[in-house]
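Some notes on the structure that comes next.
The values are calculated or read from the model by the stated rules, or taken from the named source; none is laboratory data. Quantities reported herein were computed from a predicted structural model and do not represent experimental measurements. A quick note on method: Cβ atoms are made from the backbone with ideal geometry, for glycine too, and the neighbour counts reach across all protein chains shown. Just so you know, the surface numbers come from the protein's heavy atoms only, side chains and all, with ligands and any DNA or RNA stripped out. Shrake-Rupley method; radii C 1.70, N 1.55, O 1.52, S 1.80 Å.
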Amino acid sequence: MVALERCALLERRFDPQQPRVPAGNGDGGQWSDDGSGEPLRPKPAPVNARTPATPPRRVNDPSRIRAPAPVQLRSQFAAIDARAAIAEVHRYDPSWRPAASLTPNTTEGDIARYQGMRLAAETRLREITRSGFGGNSGAPSPRAAFDRGSVLFQPIRESVDTNHFRVWRGMPALEGPATSKAEGTVALATLDDGSFLFGVNSDTSDYTERDRTDADAMRAALVLEKPKVMATDNLGWIPNNALYHAEVTSLLRLARNFNGSLKGQKIRLKIDRKLCYSCEQVLPEVIQKLGSPDLTIVDFLDQEIYLPRLRP
């Protein structure tokens, strides 16, 4: 019935004899139903007509029920641990995959799933190790190790602090700036879009071979280009050690996400220890070498730290 009414309406629209609303009327020139001067109006849809409906949202949809910030962060930490463990297994057994998980589709469920994947990967790696170097798969493949350090964390609602990383990696949590070597140093680099990552000193377990390779390359470049700043007689002397500190590590990790350059990026770098002499001397050179991004450095109390000017 509705289809017939639509066809009839179309026929009437193109009837050259159909009356129009008289000129001078606000609707002048429009088709009229019966010559009364009233414009043609679309007929209201039947009461029982089907209209598009908003798709129902799942009760456990993370976009509707958002987990607290610490839980979201734990989920991202757990995902990195799982990816690192699986990548190590794939160096020996590229076809291995963890079993499917039946955990609920929630943030807490994600954490449990990632933890299960990591444990399964670690178990598989122990099996390979027990069966001999590489087991039946032979020596490890030459593929590069998973670069866990440069993984960008997704933005979360609440502020992130260096202590979040410390708790995750088993480092001492701080109530004030770090003062001893045992406490280590953590740098938190945050981009303008809210994504972030962490940097550490080279004497911690979270420092990777890729971190050292990039630091060595940066040191070699600066020794050649900035002999007035860098120690050239002995590469291990101060201030060259700054290339292996958390501040520089975080910037080099960020740069790996942008093809080695931070040009045009806006970055907030928070460190939980007083900036050392070496970093004061070398950081300006590193920043320039990475493309002179818009960088703000703050201390444990969020007080801005100002660096000396670049030397010619």
Hits in the stretch 100-135 - residues which are open to solvent by 40 Å² or more (accessible area, probe 1.4 Å), more than 28 Å from P68 (Cα to Cα) and not aromatic (F, W, Y): E122, T123, R124, L125, R126, E127, T129, R130, S131
Some residue of the stretch 157-168 being at pLDDT below 85, under 28 Å from H245 (Cα atoms) and not basic (K, R): yes
Residue count, the stretch 264-312 (criterion: basic (K, R), more than 20 Å from R219 (Cβ to Cβ) and loosely packed, with under 13 Cβ neighbours inside 10 Å): 1
Among the residues listed as A242, A221, the single one being open to solvent by less than 60 Å² (accessible area, probe 1.4 Å), more than 21 Å from V186 (Cβ to Cβ), part of a helix (DSSP H, G or I) and modelled with pLDDT of 95 or more: A221
Those residues of the stretch 93-120 which are small (G, A, S) and outside any helix (DSSP H, G or I), in sequence order: S95, A99, A100, S101
Sole residue being among the hydrophobic types (A, V, I, L, M, F, W, C) and more than 20 Å from S150 (Cβ to Cβ), chosen from L243, L275: L275
Members of the stretch 263-312 that are touching a residue at least 40 places away in the same chain (Cβ under 8 Å), among the basic types (K, R) and under 15 Å from L252 (Cβ atoms): K289
Residue that is farthest from T296 (Cα to Cα) [pool: residues in the stretch 175-196 that are out of contact with any helix residue (DSSP H, G or I) (no Cβ under 6 Å at 6 or more places or on another chain) and open to solvent by less than 30 Å² (accessible area, probe 1.4 Å)]: G184
